[in-house]
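Chemist: Have a look at the structure that comes next, please.
The values are calculated or read from the model by the stated rules, or taken from the named source; none is laboratory data. Every value quoted in this text rests on a predicted model; they were computed, and no experiment measured them. Here Cβ is always computed from backbone atoms with ideal geometry, including for glycine, and neighbour counts include all displayed protein chains.
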């Protein structure tokens, strides 16, 4: 069967659109958030529902095509060249269950829609720091956000999900029906199929005390050293992170921080405002503040704390995890990425982990990185001709902090580390071997080989 005729037959089976690789609409359908990447699949399916996903996977198997799923485009790191991309952005439903205090969301749903649907009822999801990210992809990779030290990983909250596996079957999966697949998908990312919907528990939170504090670059050493002593004293209902920034001169940024080198402290607390202020107060005395916002805010307003990019950019990402953050670690990091270094990275971030993140879920799952005290995340603007420079800057930081690095890392922060051996290294050996065994059982031909793939 020639491809054109085959696509016509596929289009007859699906309610959503089907695009050939040379269709200009295909480019728009699968535009990535990371514009440094391009992908050139043979076919794109704009799935409208789970049946469309099932038909697309069945057709791909008939054509011997590998398959990738894409929702918002934030998770694109390994382009699906020559394969099929199933775009799930039309599958953006949210159902709130006021009895179970859960939300069931479609494969293409963004966090902003989930928060809008649940916050009025006194509950919010364990989402990340950007509400523009897709809820399902974030959750499958673990998921760390403002509430995670108090309640755990996003994947720890999952009650059940529906998934189309490589055999083209739609499976309803929970702890009782398919325990191995339930374990693997919660943390194993998109290696086992395309999740079409997912149900997860919510947290009884509607507001937090939040702070976003930008210090002058010359305060970097004292602020970072103070943070290393202060952060471990914080209770589990706080989130803290700190980042070395080199911000571009974007007009969307507040003028005091536009185009500047800075050190950025982020903080949230889910208790009383006076308690939050008392806990934060010591850090406010550690350096010269050039811009700040703090106070009690609706959970839906917390995206101002990190100010994650909202428009597509050419990005480079790497990460590791640290077992500890002592004075020697801070000195090593400052030498590699501080204001006096040669680093040209947009952001070098330390995010405090611990608390409930260290505890295995009530129903165990495959989430990697529970042993880390801090994640170290590296982000650069990957303009044309700059990739080697960014790779060298990242390597300098990773080498400098290697003495304190964990053996595992957060799967959602793997970024540009896309080789299967790099991906597999995120997990400890027993979990890695179990993931591979389940992968070979449910996807023996490795249909789902894009993204952060195990094989």
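Chemist: What residue, among those in the stretch 228-243 that are touching a helix residue (DSSP H, G or I) at 6+ places or on another chain (Cβ under 7 Å) and part of a helix (DSSP H, G or I), is surrounded by the fewest Cβ atoms within 10 Å (Cβ to Cβ)?
Modeler: Restricting attention to the stretch 228-243, the residues satisfying the condition of being touching a helix residue (DSSP H, G or I) at 6+ places or on another chain (Cβ under 7 Å) are 228, 230, 234, 236-240, 242.
Still in the list and also part of a helix (DSSP H, G or I): 228, 230.
On the way: 228: 20, 230: 18.
Among residues in the stretch 228-243 that are touching a helix residue (DSSP H, G or I) at 6+ places or on another chain (Cβ under 7 Å) and part of a helix (DSSP H, G or I), the one surrounded by the fewest Cβ atoms within 10 Å (Cβ to Cβ) is 230.
Chemist: Looking at residue 195 and the list (1) more than 29 Å from residue 273 (Cα to Cα); (2) touching a strand residue (DSSP E or B) at 6+ places or on another chain (Cβ under 6 Å); (3) not in a strand (DSSP E or B), which single condition is not satisfied?
Modeler: Exception for residue 195: condition (3).
Chemist: Give, as residue ranges, the strands (runs of 3 or more DSSP E) completely inside the stretch 283-352 that count at least 2 residues that are in contact with a helix residue (DSSP H, G or I) (Cβ under 7 Å, 6 or more places away or on another chain) and within 28 Å of residue 36 (Cα to Cα).
Modeler: Working: elements: 289-298, 315-322, 347-352.
Once the strands (runs of 3 or more DSSP E) in the stretch 283-352 are filtered for at least 2 residues that are in contact with a helix residue (DSSP H, G or I) (Cβ under 7 Å, 6 or more places away or on another chain) and within 28 Å of residue 36 (Cα to Cα), what remains is 315-322.
Chemist: Out of all the residues in the stretch 270-282, which are part of a loop (DSSP other than H, G, I, E, B) and either touching a helix residue (DSSP H, G or I) at 6+ places or on another chain (Cβ under 7 Å) or buried (at least 18 other Cβ atoms within 10 Å of the Cβ) (or both)? Quick ask: steps written out before the conclusion?
Modeler: From the stretch 270-282, those part of a loop (DSSP other than H, G, I, E, B) are 270-272; that's our starting set.
Of everything in the stretch 270-282, just one residue is part of a loop (DSSP other than H, G, I, E, B) and either touching a helix residue (DSSP H, G or I) at 6+ places or on another chain (Cβ under 7 Å) or buried (at least 18 other Cβ atoms within 10 Å of the Cβ) (or both), namely 270.
Chemist: I would also like to ask the following. So, of the residues in the stretch 163-179 that are out of contact with any helix residue (DSSP H, G or I) (no Cβ under 6 Å at 6 or more places or on another chain) and in contact (Cβ under 8 Å) with a residue 40 or more places away in the chain, which turns out to be surrounded by the fewest Cβ atoms within 10 Å (Cβ to Cβ)?
Modeler: Across the stretch 163-179, the extreme among qualifying residues is 169.
Okay, residues lined up against (1) over 17 Å from residue 387 (Cβ atoms); (2) modelled with pLDDT under 95:
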residue	(1), (2)
309	yes, yes
313	no, yes
324	yes, no
327	yes, no
337	yes, no
346	no, no
352	yes, no
355	yes, no
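Chemist: Now a separate question. Residues 368, 383: which one is over 27 Å from residue 145 (Cα atoms), out of contact with any strand residue (DSSP E or B) (no Cβ under 6 Å at 6 or more places or on another chain) and assigned to a loop (DSSP other than H, G, I, E, B)?
Modeler: 383
Chemist: For the stretch 312-351, enumerate the residues that are more than 20 Å from residue 393 (Cα to Cα) and surrounded by fewer than 23 Cβ atoms within 10 Å (Cβ to Cβ).
Modeler: Pass one, the stretch 312-351, residues more than 20 Å from residue 393 (Cα to Cα): 312, 323-327.
Correct list: 312, 323, 324, 326, 327.
Chemist: Buried (at least 18 other Cβ atoms within 10 Å of the Cβ), in contact with a helix residue (DSSP H, G or I) (Cβ under 7 Å, 6 or more places away or on another chain) and in contact (Cβ under 8 Å) with a residue 12 or more places away in the chain, is that true of residue 86? Explain how you work it out, then say what you get.
Modeler: Values: buried (at least 18 other Cβ atoms within 10 Å of the Cβ): yes; in contact with a helix residue (DSSP H, G or I) (Cβ under 7 Å, 6 or more places away or on another chain): yes; in contact (Cβ under 8 Å) with a residue 12 or more places away in the chain: yes.
Answer is yes for this residue.
Chemist: Another question about this same structure. Please enumerate the residues belonging to the stretch 392-407 that are buried (at least 20 other Cβ atoms within 10 Å of the Cβ) and either farther than 17 Å from residue 350 by Cβ or touching a helix residue (DSSP H, G or I) at 6+ places or on another chain (Cβ under 9 Å) (or both).
Modeler: Within the stretch 392-407, 393, 397, 401, 404 qualify.
Chemist: Pick out the one residue from 11, 61, 31 that is free of Cβ contacts under 8 Å to residues at least 12 places away in the same chain and surrounded by fewer than 20 Cβ atoms within 10 Å (Cβ to Cβ).
Modeler: On the way: 61 fails: free of Cβ contacts under 8 Å to residues at least 12 places away in the same chain; 31 fails: free of Cβ contacts under 8 Å to residues at least 12 places away in the same chain.
Exactly one of 11, 61, 31 is free of Cβ contacts under 8 Å to residues at least 12 places away in the same chain and surrounded by fewer than 20 Cβ atoms within 10 Å (Cβ to Cβ), namely 11.
Chemist: Here is a further query. Among the listed residues 118, 104, identify the single one that is modelled with pLDDT of 95 or more, assigned to a helix (DSSP H, G or I) and in contact with a strand residue (DSSP E or B) (Cβ under 6 Å, 6 or more places away or on another chain).
Modeler: Details: 104 fails: assigned to a helix (DSSP H, G or I).
When all the criteria are applied, what remains is 118.
Chemist: It is to be established whether one or more residues within the stretch 92-99 are closer than 20 Å to residue 166 by Cα, touching a residue at least 24 places away in the same chain (Cβ under 8 Å) and touching a helix residue (DSSP H, G or I) at 6+ places or on another chain (Cβ under 9 Å). Break it down stepwise before answering.
Modeler: Kept after step one, since they are closer than 20 Å to residue 166 by Cα, are these residues of the stretch 92-99: none.
The answer is no, given that none of the residues of the stretch 92-99 is closer than 20 Å to residue 166 by Cα, touching a residue at least 24 places away in the same chain (Cβ under 8 Å) and touching a helix residue (DSSP H, G or I) at 6+ places or on another chain (Cβ under 9 Å).
Chemist: Is it true that some residue in the stretch 44-58 is closer than 14 Å to residue 81 by Cα and under 27 Å from the mean Cα position of the chain (by Cα)?
Modeler: yes
Chemist: Ok, one more. Has the stretch 182-189 got at least one residue that is touching a helix residue (DSSP H, G or I) at 6+ places or on another chain (Cβ under 6 Å), part of a helix (DSSP H, G or I) and surrounded by fewer than 20 Cβ atoms within 10 Å (Cβ to Cβ)?
Modeler: no
Chemist: Additional query: Which residue is surrounded by the most Cβ atoms within 10 Å (Cβ to Cβ), if the candidates are limited to the stretch 208-227 and must be within 27 Å of residue 372 (Cβ to Cβ) and out of contact with any strand residue (DSSP E or B) (no Cβ under 7 Å at 6 or more places or on another chain)?
Modeler: 226
Chemist: For the stretch 121-165, what are the residues that are over 23 Å from residue 270 (Cα atoms) and outside any helix (DSSP H, G or I)? Let's see the steps before the verdict.
Modeler: Start the filter on the stretch 121-165 by keeping residues that are over 23 Å from residue 270 (Cα atoms), which leaves 134, 136-137, 140-141, 159-165.
Hits for the stretch 121-165 are 134, 141, 159, 160, 161, 162, 163, 164, 165.
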